[in-house]
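The structure appears right after this line, and notes come after that.
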Amino acid sequence: MSEALQSNAKPSGFFDVRVRPLISIDFRSLAAFRILASLTMLYVCAVLYPDLITFYSNSGLLSTELLSAYYPHHRFSLLTIFHSDVFIYVVWFGLVASSCSLLLGYRSRTSAAICFILYLSFAGRNPVLNQGGDVLHPLLLFWAIFLPTGRVFGIDGALEKDRNTFEAPSILSIATVGLLMQVLYVYVFGALLKTGSYWVPNGQAILIAMHLDTFATDASHFARQFPIILGLLTFFVFYLELFAPLILFFPDKKQRVRAVGLALIVIMHFGFRTFLSIGHFWLSSLSSLMTYIPTRIWDSVCEKYWKAEQRKIRLYYDRDCGFCLKTCLLLREFFLPHNVFIGPAQDDPVIGEILVREDSWVVVTPDGEHKLRWDALVYVTNQSILMRPFWLIAYLIKKIGIGALAYNAIGKNRRGFSKFTAFFLPFRKARLKNNILVNTGLCIVIALCFLWNLDQNKPRAERSDAWGVIKPAMSRTGFTQRWNMFAPHPAFTDGYPIIRLSGDLGQNQYYTLSGAFSETWEHPERLQAYFPSYRWRKYFNRIAKFGAERRELMFGRYANILCGSLLEDPSALPFLPVSISIDWA
């Protein structure tokens, strides 16, 4: 939890007082956005891993030939250039590594760029699997490329040269405007597409959505009993999305309207996840909403989070050890208030004598006690409540008796660590502004995305012909977007495959993806366990609506492989089938 960066200069004028706070983003909000966005990426990677070859290889669900035939303007994908199964794992590992780098705020712009390209590669390789989160999240990563998301609670900020703790706590740029607008598109254009009467005036949309069994969770099965409440929630969701721009950009001086509206939208997304299985879309949305947290909220939280005594802690390091200085800066960034003093031990006669005598860095507590060696590390990591897991690791290392050994080993290799940090963790100057060429390009992107969203709200026959030239480029880069979740109304059907095994005596057995056999097919009470992951659920929901020929092309080959695997071990089957067919429930 990073402390506020206070500004001595008081804002004046209508723009500075009312407008600037609405279109700028607090550095701490950018940090929260970065952390949640990178954690969402790691969650996506974890879900993808078991099915990488099935989903993204030529031997899986969708060959590159079918991809080009049915999705000629699919997003850019490295996986369509290099077809090796090994390369799929290389791209996946690169996405995990860059997500971890972004999480730590290490070279955050570069990390965001790598995440953007690699995530786009997965989303573009098999569009049949994609859902709302796969549209929104790459767009968020794109804007992160042009913002200093690692400046607070990140390695970038810890090693920033001459970071002035009295500068403005927020940043205003073309990129902040673009990111904030992109967040709004999900809500306002999503509401404008909800034209079905089941939203307004009937108020039945949420009730219908909860009866889609492939989406429904245990909570939604319970909530179906209360249609009146669900009707009120339908109106709440619709009007909250429709009026999101007015709520989040209401120009009150203390931004109370924004804070309340933001809390309601966050609650709405938690409600979505509680009652509907919607993949990672809700996490992507929560990541984007972090950018709207007002500075006043952060100031209030930080004031309560850090105690006055903690600001009196002092860290002393050996002046001749570059690694020691950077370690202190990193520890302060993640575990201490930003105004904690860090200085060379040699500048203080008492501390300098302790440094020489004990051969240790020195942490001075608020009551004047000197903490040394590994005990000092345990003390520092214990200061931040949110970072307590790291304190627990340090504490356990101490308790099992290897803390002193670890500290001595680090001390003996300080020269090597100094060389390592000089190369990989150099001090750097903050890049808060983009050059005029980049800003011009970002303005074009903002205009295109806004006009595209406007055009998507028109009937297909009335949409502009001008997109014919621009659409391929926008589609390849992931800028095409349509926020039609449950629009114009929730679907009335969904589907999933059932494998039927038939014997020569007329007997039938049914086999589900979960590996269960049944003599008769009955609709299961809960369908969530039927799908290995939400990716499979999305895939089957989508191809169930395709024509028979296209569905056979999309799933037939994989179904044959799956059915063939059943015959490899006949002893596991109730009988030896003479035919295996796919039925669609």
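Relative protection proxy for 400-413, 46-59, from highest mean packing down: 46-59, 400-413 (other beta-carbon atoms within 10 angstrom). Label sites at ASN435 and ALA491, each approximated as a point 7 angstrom past Cα along Cα to Cβ, lie 4.7 nm apart. Tell me whether the range 193-300 comes out rounded, prolate or oblate; compute the Cα gyration tensor, take square roots of the eigenvalues as a ≥ b ≥ c, and use a/c under 1.5 as the rounded threshold. Here the range 193-300 falls in the prolate category. Placing unit charges on the Cβ atoms only, positive for Lys and Arg and negative for Asp and Glu, gives the range 272-340 a dipole magnitude near 140 debye about its Cα centre. Note on ASP359 and PHE424: the model spin-label points, each 7 Å out from Cα along the C-beta direction, lie 2.5 nm apart. Using only side-chain charges placed at the Cβ, +1 for Lys and Arg and -1 for Asp and Glu, the dipole size of the range 440-507 relative to its Cα centre rounds to 180 debye. The ranking of ASP494, ASP26, ASP504 from fewest to most other beta carbons within 10 Å of each one's beta carbon is ASP504, ASP494, ASP26. The alpha carbon centroids of the range 496-545 and the range 21-53 are separated by 34 Å. The simple Förster model, with R0 at 51 Å and r as the Cβ-Cβ distance, assigns ARG256 and LEU505 a FRET efficiency of 0.10. By the count of neighbouring beta-carbon atoms within 10 Å, fewest first, ARG388, ARG296, ARG332 end up ordered ARG388, ARG296, ARG332. Cβ crowding within 10 Å, taken as a proxy for footprinting-reagent exposure, orders LYS429, LYS538 from fewest neighbours to most as LYS429, LYS538. The protection proxy used here, the mean number of other Cβ atoms lying within 10 Å of each residue, ranks peptides 543-553, 355-365, 170-180 as follows, highest first: 170-180, 355-365, 543-553. Work out the charge dipole of the chain with +1 on the Cβ of Lys and Arg and -1 on the Cβ of Asp and Glu about the Cα centre, then indicate which of PHE517, VAL177, TRP452 is farthest towards its positive end. Checked the options; the winner is VAL177.
In terms of its alpha-carbon gyration tensor, the range 44-83 comes out prolate; a/c meets the 1.5 threshold, and the first ratio a/b outweighs b/c.
Taking the charge dipole of the range 387-493 about its Cα centre, with +1 at Lys and Arg Cβ atoms and -1 at Asp and Glu Cβ atoms, the residue from ALA430, PRO472, ASN413 reaching farthest to the positive side is ASN413.
Taking a ≥ b ≥ c as the square roots of the Cα gyration tensor eigenvalues, the range 386-517 comes out oblate, since a/c reaches at least 1.5 and a/b does not exceed b/c.
Based on Cα contacts under 8 Å between residues 6+ apart, the chain shows a relative contact order of 20 percent. Computed from Cα atoms, the angle from the helix 557-567 axis to the main principal axis of the chain rounds to 80 degrees. Distant-in-sequence amide contacts of ILE293, defined by a placed amide H-H separation under 5 Å and a gap of 5 or more residues or a different chain, comprise nothing. Can you find, among GLY154, SER98, TYR317, the residue sitting farthest towards the positive end of the charge dipole of the chain, where Lys and Arg contribute +1 and Asp and Glu -1 at Cβ? Positive-most Cα among the choices belongs to TYR317. Highest mean first, the peptides 202-208, 456-462 sorted by other C-beta atoms within 10 Å per residue fall in the order 202-208, 456-462. Distance between the C-alpha centres of the range 174-206 and the range 254-297: 14 Å, rounded to the whole angstrom. For the range 536-548, 3J(HN,Hα) computed residue by residue from phi via the Karplus equation (6.51, -1.76, 1.60; θ = phi - 60°) reads 5, 4, 5, 4, 6, 4, 6, 6, 5, 8, 6, x, 4 Hz, glycine and proline entered as x. Longer than 19 Å from Cα to Cα, which of LYS194/LYS458; LYS161/LYS433; LYS326/LYS399; LYS307/LYS398; LYS326/LYS419; LYS161/LYS326 are they? Say none if no pair is. Where the Cα-Cα span goes over 19 Å, the pairs concerned are LYS326/LYS399; LYS307/LYS398. Applied to the range 377-388, the Karplus parametrisation 6.51 cos²θ - 1.76 cosθ + 1.60 on θ = phi - 60° returns per-residue 3J(HN,Hα) values of 5, 4, 5, 5, 5, 8, 7, 9, 5, 5, 9, 4 Hz, with x for Gly and Pro. Taken about its Cα centre, the chain carries a charge dipole of about 1660 debye when Lys and Arg each add +1 at the Cβ and Asp and Glu each add -1 at the Cβ. In this structure, ARG163 and GLN528 have a Cβ-Cβ separation that, at R0 = 51 Å, corresponds to a calculated FRET efficiency of about 0.60. In a fully extended conformation the segment linking THR520 and LEU392 would gain 40.8 nm over its present Cα-Cα distance, using 0.36 nm per residue.
Using only Cα atoms, find the angle between the long axis of helix 414-424 and the longest principal axis of the chain, and express it within 0 to 90 degrees, rounded to the nearest 10. Around 50 degrees separate the two axes.
Rule-based calculations on the coordinates, nothing more; no lab input. Computed from a predicted structure; not experimentally measured. No Cβ is skipped: glycine too gets one built from the backbone with ideal geometry, and neighbour counts run over all protein chains shown.
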